[in-house]
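The values are calculated or read from the model by the stated rules, or taken from the named source; none is laboratory data. Predicted, not measured: the structure shown is a model, and the values here were computed from it. Virtual Cβ from ideal backbone geometry, glycine too; neighbours counted across all protein chains shown. Note: areas computed on protein heavy atoms with side chains; ligands, DNA, RNA excluded. Shrake-Rupley method; radii C 1.70, N 1.55, O 1.52, S 1.80 Å.
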Protein chains: 2
Amino acid sequence: MEFSSKLLERAVNEMAQLPGIGKRTALRLVLHLLKQPTEQTQFLTQALTAMREEIKLCKSCHNISDLEVCEICSNPSRNHKIICVVEDVRDVMAIENTNQFKGIYHVLGGKISPIDGIGPSQLTISSLVEKVRSGQVEELIFALSSTMEGDTTNFYIFKQVKDFEVRISAIARGIAVGDELEYADEVTLGRSILHRIPFENSLKNI
Amino acid sequence: MEFSSKLLERAVNEMAQLPGIGKRTALRLVLHLLKQPTEQTQFLTQALTAMREEIKLCKSCHNISDLEVCEICSNPSRNHKIICVVEDVRDVMAIENTNQFKGIYHVLGGKISPIDGIGPSQLTISSLVEKVRSGQVEELIFALSSTMEGDTTNFYIFKQVKDFEVRISAIARGIAVGDELEYADEVTLGRSILHRIPFENSLKNI
């Protein structure tokens, strides 16, 4: 693509660095900003700058936060003895939306993935192990995605904490609520049958 | 969506103002920036700010430019008597990529579209009519998209300049090169037949 302006070209190239944004989309977005009042670009750039420079990670759970300790960790009405282990802030938001979990979280910041060059030391695993070692934790709930990397990460953490007195669980896998059995994949359906629960329990929280 | 941080929320909300970017995509983009070095966010915001504040529109053709008069308009080897009328800078880039046009452009900045509240006065039609009136123009080529709005805009300009001594043409519509006839829509195929050209001419520029 040849641009009639270096300023335009630079803006498009920077925009196209974002994941899933190609050059054409970037050009469309940048031209949209040009048609809008200058303030909109100012608001966007100020919001991005403030976010990148001022945002903190919670000292305890490593979730994104405006404070040293996030609102969930500093909430005394939550059960601090049950820790849900998740990959990133999006998972926290998803679980919070369910209103089913009253414990606290531990955000790993990723999954162990040798292909992407991510080892255990880049994640917040050591601080999680430290929490368990201190004896304040009753239960760890693994809520990582069920991929090879997620399973590896679960198993790595499991090996580090299995000798301490802590209950270790994983979120249930199975057919989604509302899904038809005939369209489910075999692995999921198989797990649904293997990990069946007493019928009375399935009536809870409906 | 409930965010754990106001800074994050503000950045996501501003990002989601861009066309085609929903809240979830905005969150993905913003989290990507958080994982990258601070410099990447700086480069992006600086590029956007510089673009929005310093970019100019060419005084002659209204195309986006870093200078008062754009490179195409100030190029003496181009034919300044043939003006191609287009909607925006993307159309200029598309036509320039063909290497088939050696005239200059006139960028309208949009199409007449009463539904979107865009009337002739918001476009650069008057300065185009002025160019024609001054007698320097031999040919106007309409290259707007063939929608209702494009046709309306073409016709509006045509009415304003038809009394001057200027040749008015429109780009050819027809079956795209490489396309199969059986899959073409009837209107396009009909126009292809109606506006057929001498076979020898079709051999040019292959």
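Just give me the residues in the stretch A:25-39 being at the interface with chain B (Cβ under 7 Å from one of its Cβ atoms), surrounded by fewer than 17 Cβ atoms within 10 Å (Cβ to Cβ) and under 20 Å from B:Q42 (Cα atoms), in sequence order.
A:T38
State yes or no: is B:H106 more than 10 Å from chain A (Cβ to nearest Cβ), assigned to a loop (DSSP other than H, G, I, E, B) and crowded, with 20+ Cβ neighbours inside 10 Å? Steps first, please.
Working: more than 10 Å from chain A (Cβ to nearest Cβ): yes; assigned to a loop (DSSP other than H, G, I, E, B): no; crowded, with 20+ Cβ neighbours inside 10 Å: yes.
Answer is no for this residue.
Applying the selection to the stretch A:119-128, what residues are touching a residue at least 24 places away in the same chain (Cβ under 8 Å) and open to solvent by 10 Å² or more (accessible area, probe 1.4 Å)?
Residues satisfying the conditions are A:P120, A:L123, A:T124, A:S127.
Being assigned to a helix (DSSP H, G or I) and in contact with a strand residue (DSSP E or B) (Cβ under 9 Å, 6 or more places away or on another chain) is the filter; apply it to the stretch A:129-148 and report the residue that is least open to solvent (accessible area, probe 1.4 Å).
Only one residue tops the list, namely A:V132.
Going residue by residue through the stretch A:93-101, is there one that turns out to be more than 7 Å from chain B (Cβ to nearest Cβ) and of a type in the set (F, W, Y)?
Scanning the stretch A:93-101, I find at least one residue that is more than 7 Å from chain B (Cβ to nearest Cβ) and of a type in the set (F, W, Y), so the answer is yes.
I'm told B:G20 meets every condition in (1) in contact (Cβ under 8 Å) with a residue 24 or more places away in the chain; (2) facing another protein chain (nearest Cβ under 10 Å) except one. Can you identify the failing condition by its number?
Failed condition: (1).
Just to check your reading of the model, which residue among B:D151, B:D91, B:D116, B:D163 is within 25 Å of A:L31 (Cβ to Cβ) and surrounded by fewer than 15 Cβ atoms within 10 Å (Cβ to Cβ)?
Only one candidate qualifies: B:D116.
Tell me, yes or no, whether the stretch B:42-59 has at least one residue that is closer than 29 Å to B:Y105 by Cβ, at the interface with another protein chain (Cβ under 7 Å from one of its Cβ atoms), in contact with a Leu (Cβ under 8 Å, 6 or more places away or on another chain) and open to solvent by 50 Å² or more (accessible area, probe 1.4 Å).
Yes, some residue in the stretch B:42-59 is closer than 29 Å to B:Y105 by Cβ, at the interface with another protein chain (Cβ under 7 Å from one of its Cβ atoms), in contact with a Leu (Cβ under 8 Å, 6 or more places away or on another chain) and open to solvent by 50 Å² or more (accessible area, probe 1.4 Å).
Condition (residue is part of a loop (DSSP other than H, G, I, E, B) and in contact with a Leu (Cβ under 6 Å, 6 or more places away or on another chain)) applied to the stretch A:71-86: is it met by at least one residue?
no
Please identify the pairs in which a residue from the stretch A:139-160 that is within 11 Å of A:S113 (Cα to Cα) has its Cβ atom under 6 Å from the Cβ atom of a residue that is modelled with pLDDT under 95 and not in a loop (DSSP other than H, G, I, E, B), counting only partners at least 6 apart or on another chain.
A:E149/A:S113
Suppose the filter is without any contact (Cβ under 8 Å) to a residue 60 or more places away in the chain, surrounded by fewer than 21 Cβ atoms within 10 Å (Cβ to Cβ), over 16 Å from B:L29 (Cβ atoms) and at the interface with chain B (Cβ under 7 Å from one of its Cβ atoms); does A:R10 pass it?
The answer is yes for A:R10.
Looking only at residues in the stretch B:73-88 that are buried (at least 19 other Cβ atoms within 10 Å of the Cβ) and of a type in the set (A, V, I, L, M, F, W, C), which one is nearest to B:G110 (Cα to Cα)?
Checked the stretch B:73-88; the qualifying residue nearest to B:G110 (Cα to Cα) is B:V86.
Please tell me if A:L181 is without any contact (Cβ under 8 Å) to a residue 40 or more places away in the chain, of a type outside the set (S, T, Y) and surrounded by 12 or more Cβ atoms within 10 Å (Cβ to Cβ).
Considered against the rule, which asks whether it is without any contact (Cβ under 8 Å) to a residue 40 or more places away in the chain, of a type outside the set (S, T, Y) and surrounded by 12 or more Cβ atoms within 10 Å (Cβ to Cβ), A:L181 comes out as no.
Kindly evaluate B:K131 against the criterion of being within 17 Å of B:C61 (Cα to Cα) and either out of contact with any Asp or Glu (no Cβ under 8 Å at 6 or more places or on another chain) or among the small types (G, A, S) (or both). Break it down stepwise before answering.
Values: within 17 Å of B:C61 (Cα to Cα): yes; either out of contact with any Asp or Glu (no Cβ under 8 Å at 6 or more places or on another chain) or among the small types (G, A, S) (or both): yes.
Taking the combined requirement at face value, the residue satisfies it.
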